[in-house]
Amino acid sequence: MFLNFVTCCGLISDNPMWQAAYNNGSVINSPVKELARLQYIRTVKGNRIFIIENSGLFSHLTDTNSSSPMVCTHGQFRLATYMLLDKLAETGVELWYSGDFDPEGLLMVQRLWTRYPGQVKLWRYSPEDYKMCISNISIPPKPLKQLEKVHVPELIPTAEAIKEAAKGGYQENMATLLAEDIRE
């Protein structure tokens, strides 16, 4: 079954449920149908939206930061994610993205970088960050070759580090640092 929704917190819209969720520090799961009805979506706090790919990590981060503007993509971007981010991008916010350190993860952030030029900030995507969250899980040669498609200048050193180690790195291993970044 194909699900098409996006999860967020710390955002408001012209739908009163979003304001109530913000006031209560609640998380919203919003499907495409509901997103299409909204005139606007915006942040109340600051000019940054923190985008997290992993559902479990998002849940952990909302435990202490539920009023902070965060979005969870639940893996690959679907229409609901793009609808939400398009509305947010219209407001000129910075889109801080954190995902996994593997070919798929780097290509995901590159898609955002291309779609929202000048607005996407690489959130802990340096080679040093990769070294902090490297795993024992090897990346086979064929997927590793996908890293050759990375063309965002700031991502190339990280792609090279991943190619060299041939191991994935996972954002869950930086949960404490990500939480601190959100609090700041």
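What fraction of the Cα pairs in region 26-80, stated in percent, has a spacing above 15 angstrom? Counting every Cα pair in region 26-80, those more than 15 Å apart make up 53 percent. The trypsin sites (Lys or Arg not before Pro) of region 1-62 that DSSP puts in a loop, and whose beta carbon has at most 16 other beta carbons within 10 Å, are K45. The 3J(HN,Hα) values that the Karplus relation (6.51, -1.76, 1.60; θ = phi - 60°) gives for region 163-180 are, in residue order, 4, 5, 7, 6, 9, x, x, 10, 4, 4, 6, 10, 3, 5, 5, 5, 4, 5 Hz. Gly and Pro appear as x. Taking the Cα of S126, stepping 7 Å toward and past its beta carbon, and measuring to each backbone N in region 69-108: which are under 20 Å? Answer for region 69-108: 95-102, 106.
Taking all pairs of distinct Cα atoms, average 1/r, flip it, and tell me the Kirkwood hydrodynamic radius of region 1-122 in Å to one decimal place. It is 14.3 Å. For the chain, report the accessible area per residue in Å² (1.4 Å probe, heavy atoms, rounded to an integer). On a per-residue basis, 49 Å². The sum of -39500 (n - 2.57) across all DSSP H runs of n ≥ 4, divided by the residue count of the chain, sets its helix-only mean residue ellipticity at 222 nm to -12500 deg cm²/dmol. With contacts taken as Cα pairs under 8 Å and at least 6 residues apart, region 13-93 reaches a relative contact order of 35 percent. Fully extending the segment from E148 to S26 would add 39.9 nm, taking 0.36 nm per residue of separation and subtracting the current Cα-Cα distance. Of the accessible area of region 48-184, computed with a 1.4 Å probe over protein heavy atoms only, carbon and sulfur atoms account for 52 percent.
Taking Cα centre as origin and charging only the Cβ of basic (Lys, Arg, +1) and acidic (Asp, Glu, -1) residues, the dipole magnitude of region 1-128 rounds to 320 debye. Global dimensions of region 38-184 from alpha-carbon coordinates: Rg and Dmax equal 15.0, 46 Å. Here region 67-184 is treated with +1 on each Lys and Arg Cβ and -1 on each Asp and Glu Cβ, and its dipole about the Cα centre works out to around 400 debye. Relative to the dominant Cα principal axis of the chain, helix 55-65 is inclined by about 60°. Note on region 20-61 and region 65-140: Cα centroid distance 15 Å, given to the nearest whole angstrom. In percent, rounded to a whole number, the relative contact order of region 43-157 is 25, using alpha-carbon pairs under 8 Å and six or more apart. For the pairs K121/K167; K33/K163; K45/K145; K121/K145; K33/K121; K87/K149, flag any whose C-alpha to C-alpha distance is greater than 30 Å. From K121/K167; K33/K163; K45/K145; K121/K145; K33/K121; K87/K149, over 30 Å: K33/K163; K45/K145.
Which one, L147, Y82, Y130, projects farthest toward the positive side of the charge dipole computed for region 68-164 from Cβ point charges (K/R +1, D/E -1)? It is Y82. Placing +1 on the Cβ of every Lys and Arg and -1 on the Cβ of every Asp and Glu, with nothing else charged, gives region 54-105 a dipole about its Cα centre of roughly 180 debye. Largest accessible area first, the listed residues F101, F77 line up as F77, F101 when surface is computed with a 1.4 Å probe on the assembled protein chains.
The values are calculated or read from the model by the stated rules, or taken from the named source; none is laboratory data. All values reported here derive from a predicted model rather than from experimental measurement. Positions of Cβ are backbone-derived with ideal geometry, glycine not excepted, and every protein chain shown enters the neighbour counts. Areas reflect the complete protein model, heavy atoms only, side chains present, ligands, DNA and RNA absent. Shrake-Rupley method; radii C 1.70, N 1.55, O 1.52, S 1.80 Å.
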